[in-house]
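Beneath this line is the structure, given in structure tokens, with notes to follow.
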Amino acid sequence: MEITAPECASDTGSLCQWVWDNTGADALARNSDAVASGAVHILLILVIAFIVRFLLYRAINRLTRLSNNDDASAALRPLRAGARLALAGGLAADRRAQRTQAVGSLLKSMTSFAVISVAAVLILAELGFDIAPILASAGIAGVALAFGAQNLVRDFLAGIFMTLEDQYGVGDTVDLGTASGTVVAVSLRTTTLRAGDGTIWHVRNGEVLRVGNSSQGQAVVTIPVTVPYDSDTDRAATIALEQATGVAESPKFEASIVEPPTLLGITDVAPGTITLGVQATVVAADKDGYIRAVRAAVRSAFEQARRDDPAADFRPPVLVGPPPVEQQERAS
């Protein structure tokens, strides 16, 4: 049986002619152009997908670097300065880097998923598959996911916005309504807290309706100093303010002070005692450490003043309560 050459074999220089001349296979020669064209199209799709993914990754990396960079144009410096004053160090360099890395990783994952999905659908179309059912199935799957896993989707969306808005981070002391404590870990679905008694709480991000963060931004701290009623309050106030200022200017707390300490004067009068107040504005994350340091410094200064001058005794009087009930019954 004589095999006739396909019509495409008459095209000089075509792939069909080359295959027919070298193999003599009619089916292979007739389909060679389609196979080569499909392979070229698939290769072009893959190259374009790789280039698009590379460009999007580069743009995301540039955005994250700009977010971490402290240099700003003259037009943006006032806005950045205002933001820093409002947050008072709450977005430190390391925390800002962690947040931008998390957001960048999330954007890269979403970008890769979108690019790979589109490229896969186009490749299936080139291979001759009907992509209409695939698209319809994807739509149905999306609707089913929206209804069947709506809590999971809500948790992920809430986690994304919490990360973007930097509502809290690892190490912050927060109140999430249902639980409060120190943030141990943050994921897109849950937030892990450690309460004061050591209990670990896992809170779904979608269930968080309000967030109280006592570690972000700035805090106004008032340190009460109680002295005897008949003591030299002016001298005690001077010592307390000097010690609070000294602690604020120390290397440990110098970067944490937003506004220097000020003297409030007498804030309370009680039987046998007078309470003086010293106030300062500090970074919220360091407020407890600053208060403890000032109290220790004031106590040491009062002790030194009493050793230098026994009359300068600023120790508050020991309040003696009523005798126990048993003693009162025996006395009666």
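Summary table
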quantity	calculated
Single residue of the range 186-198 satisfying the filter (free of Cβ contacts under 8 Å to residues at least 12 places away in the same chain and assigned to a loop (DSSP other than H, G, I, E, B)) that is nearest to residue 153 (Cα to Cα)	198
Matching residues in the range 275-301 - criterion: being more than 24 Å from the chain's Cα centre (by Cα) and either buried (at least 20 other Cβ atoms within 10 Å of the Cβ) or within 17 Å of residue 219 (Cα to Cα) (or both)	276, 277, 278, 279, 280, 290, 291, 292, 293, 294, 298
Filter pass, residue 238 being more than 30 Å from residue 156 (Cβ to Cβ) and in contact (Cβ under 8 Å) with a residue 12 or more places away in the chain	no
Scope the range 199-232; condition buried (at least 16 other Cβ atoms within 10 Å of the Cβ), assigned to a loop (DSSP other than H, G, I, E, B) and among the hydrophobic types (A, V, I, L, M, F, W, C); matching residues	208, 211
Residue match in the range 175-185 (condition: of a type in the set (A, V, I, L, M, F, W, C), part of a loop (DSSP other than H, G, I, E, B) and either touching a helix residue (DSSP H, G or I) at 6+ places or on another chain (Cβ under 7 Å) or surrounded by 14 or more Cβ atoms within 10 Å (Cβ to Cβ) (or both))	yes
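Residues are listed down the side, and each one gets a yes or a no for (1) modelled with pLDDT under 60; (2) not small (Gly, Ala, Ser):
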| residue | (1), (2) |
| --- | --- |
| 39 | no, no |
| 47 | no, yes |
| 60 | no, yes |
| 67 | no, no |
| 75 | yes, no |
| 82 | yes, no |
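The values are calculated or read from the model by the stated rules, or taken from the named source; none is laboratory data. These numbers were taken from a predicted model, which means no experiment stands behind them. All Cβ positions, glycine included, derive from the backbone under ideal geometry; neighbour counts span all protein chains shown.
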